[in-house]
Amino acid sequence: QLQASGGGLVQAGGSLRLSCAASGSIFSIVRSAWYRQAPGKERELVAHILSGGETHYADFAKGRFTISRDNAKKTLYLQMNSLKPGDTAVYLCYAGVIGTSPYWGQGTQVTVSS
């Protein structure tokens with residue numbers, strides 16, 4: 001239902017753009033978000049965007065990451081700049097929908113080398 005892509009291996013200081021495409025059967029998304037989970041750590045919120053366009057970022061993401069969406073393409077993006085080794089994690093996309101359980105993407109691996 002949610003297909004994430006765009007992860008990869010990048011050197012510290014580099015950039016990546018993650019994408020998350022929602023299938024045609026998903027409607028009425030009220031909250032879209034990116035989470036990440038590093039080995040041995042809990043899943044944490046990276047950023048979210050609400051249906052009205054309001055955004056929120058975790059402190060570690062402020063000034064480096066930008067969340068956006070293309071409603072026509074039903075695609076969520078995460079532009080990540082100035083990447084650090086501490087950003088290494090599996091990044092998962094999330095869609096909160098009215099009237100049903102939220103959707104999670106399968107995750108895309110981001111690895112930042114020093």
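The values are calculated or read from the model by the stated rules, or taken from the named source; none is laboratory data. Owing to the predicted nature of the structure, the values given are computational and were not obtained by experimental measurement. Ideal geometry is used to build each Cβ from the backbone, glycine not excepted, and the neighbour counts take in all protein chains shown.
Quick test for you: out of S82, S19, S113, pick the one residue that is surrounded by 15 or more Cβ atoms within 10 Å (Cβ to Cβ), modelled with pLDDT of 95 or more and among the polar types (S, T, N, Q).
Numbers: S82 fails: surrounded by 15 or more Cβ atoms within 10 Å (Cβ to Cβ); S113 fails: surrounded by 15 or more Cβ atoms within 10 Å (Cβ to Cβ).
Answer to the selection: S19.
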| said: I'd like to verify a number: residues in the range 61-86 that are farther than 21 Å from S114 by Cβ and in a helix (DSSP H, G or I), how many? | reply: 0
| request: Select from the range 22-41 the residues that are more than 11 Å from the chain's Cα centre (by Cα) and aliphatic (A, V, I, L, M) and write down the one among them that is farthest from Q79 (Cα to Cα). | output: I26
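Among the candidates E54, E44, single out the residue that is more than 17 Å from S5 (Cβ to Cβ), surrounded by 11 or more Cβ atoms within 10 Å (Cβ to Cβ), acidic (D, E) and more than 9 Å from the chain's Cα centre (by Cα).
Details: E54 fails: surrounded by 11 or more Cβ atoms within 10 Å (Cβ to Cβ).
Matching residue, one of E54, E44: E44.
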